[in-house]
Amino acid sequence: MKAWQVVSFGKRVLGRGVICVAGCIAMLKMGPIVMMALSMLISIAVYATAFGLKFALGFVLLLFAHEYGHLVASRVVGLQVSSPIFIPFIGAVIRIKELPLNAKMEANVAIGGPAMGTLSALCCLACYFWTNSMLMLVLSYTACLLNLFNLIPCDPLDGGRIAMAISPRLWWLGSIIIGMLFVYTYNFFVLIILVFSLFRLWQGNSENDNSLYYHLTVAQRLAVGWWYFGLIIVLGGTTLYIIEILS
């Protein structure tokens with residue numbers, strides 16, 4: 001091989017190597033977005049096999065709305081979180097990259113998900129009134145149940161983190177509700193939540209009473225409570241209204 005051919009070949013290899021490295025760097029930079037999109041597609045495919053493509057697509061979008069609410073709320077209070085990752089038949093999760101300063105900040109992030117989820121349920125219901133689409137009605141009903149379940153006041157659900165800012169003693173009520181749901185459904189994932197909840201209760205409330213993390217003013221607790229019980233009332237009322245339509 002002549003010298004000029006070696007140089008030419010070396011340039012091509014070097015150029016392709018630079019492109020490859022640049023591509024890898026770009027993939028690393030957009031990794032979380034790629035992972036989120038991929039997990040969404042996998043979830044849609046899994047749900048589609050059980051419930052059909054249209055419902056699967058709508059259900060994943062409802063999950064995305066819920067997690068997007070957490071993301072927006074975390075940015076409002078100044079916390080960095082990861083992009084949501086979707087897990088079939090579990091839902092979706094986001095990871096908080098830095099610890100909240102107090103229970104009020106954590107509750108604000110937790111409220112964001114059910115708040116956006118409530119809005120998505122009402123939007124689906126409005127679409128049902130506009131189009132008379134039964135799919136929209138079912139999606140609205142699903143969103144109501146999904147977010148009501150998430151508001152049960154026990155770890156690791158959103159309701160458990162919200163309850164910390166109101167009164168950690170609400171965890172007892174949440175554990176009872178989760179226990180009753182397990183007895184009624186014998187669902188494995190409900191059992192896992194029940195175990196987490198009982199473990200949190202076993203740790204006791206003394207650490208909560210002694211930690212500055214949980215020392216909030218009455219006004220702060222009332223503000224969280226207003227949002228929490230307000231969302232439960234709206235979701236519960238919407239659920240009962242949809243049941244009347246379906247019956």
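All of the numbers you see were taken from the coordinates with simple rules; none came from a lab. Everything numeric in this text was worked out from a predicted model, so none of it was measured. FYI the Cβ positions are ideal-geometry reconstructions off the backbone, even for glycines, and counts take in every protein chain you see.
Computed on segment 30-246, with alpha-carbon pairs under 8 angstrom and 6+ residues apart, the relative contact order is 18 percent. Decide, for segment 141-247, between rounded, prolate and oblate: order the square roots of the alpha carbon gyration tensor eigenvalues as a ≥ b ≥ c, take rounded if a/c falls under 1.5, and otherwise choose prolate if a/b is larger than b/c, else oblate. Oblate, because a/c is 1.5 or more while a/b does not exceed b/c.
Specify whether the C-alpha gyration tensor of segment 111-201 places it in the rounded, prolate or oblate class, a ≥ b ≥ c being the square roots of the eigenvalues: rounded for a/c under 1.5, otherwise prolate if a/b is larger than b/c and oblate if not. Could the numbers behind the result be given before it?
Details: a/c = 3.70, a/b = 1.85, b/c = 2.00.
Here segment 111-201 falls in the oblate category.
Packing order of peptides 169-181, 59-71, highest average first: 59-71, 169-181 (average count of other Cβ atoms within 10 Å over each peptide's residues).
What order, most packed first, do the peptides 115-121, 227-233 have when packing is the mean number of other Cβ atoms within 10 Å of each residue? Before the final figure, lay out the partial values.
Numbers: 115-121: 23.6, 227-233: 16.9.
Highest mean packing first, the order is 115-121, 227-233.
Look at the Cα gyration tensor of segment 30-246: its axes a ≥ b ≥ c give a/c of at least 1.5 with a/b over b/c, and that counts as prolate.
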